[in-house]
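Reading through the structure tokens given below for one structure.
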Amino acid sequence: MKQITSPHNPLIKQLVQLKDKSRERKKSGQFVIEGQRELSLAMEGSYQIETLLFCPELISLNDSAIQLSNGSTEIIEISKEVYQKLAHRETTEGILAV
């Protein structure tokens, strides 16, 4: 499993652009999902989850949303600092997906 601890990581910078800019979302055809409920709804709606990011300080790896991801989903552990840079909501659950 990959780990990212720096908010200056190129992938994190790309995800911040995806989160903040509609032009990036339209260009890539991707968007950031934040929270367990939203992730479960996206999976039920047959959206393909390419990358799952979680902060172990906020959510367990054994959590149901993480277990629901299929084998083709890349799972990345991120630090709390990185998570705070990516998260949009104040109260959050420690899980993001693209």
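All of the numbers you see were taken from the coordinates with simple rules; none came from a lab. Model, not experiment: these values are computed from the prediction.
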In the chain the DSSP beta bridges are antiparallel at a rate, in percent to nearest 5, of 40 percent
Using Cα springs under 10 Å in a Gaussian network model of the chain, which residue among Ser72, Ser60, Ser40 shows the largest mean-square fluctuation?
Ser72
So what's Rg/Rh here for the chain, counting alpha carbon atoms and using the Kirkwood radius for Rh?
0.92
Can you work out ³J(HN,Hα) from phi for every residue in region 4-10, in order, using Karplus 6.51 cos²θ - 1.76 cosθ + 1.60 and θ = phi - 60°, giving whole Hz and x for Gly and Pro?
10, 10, 9, x, 9, 4, x
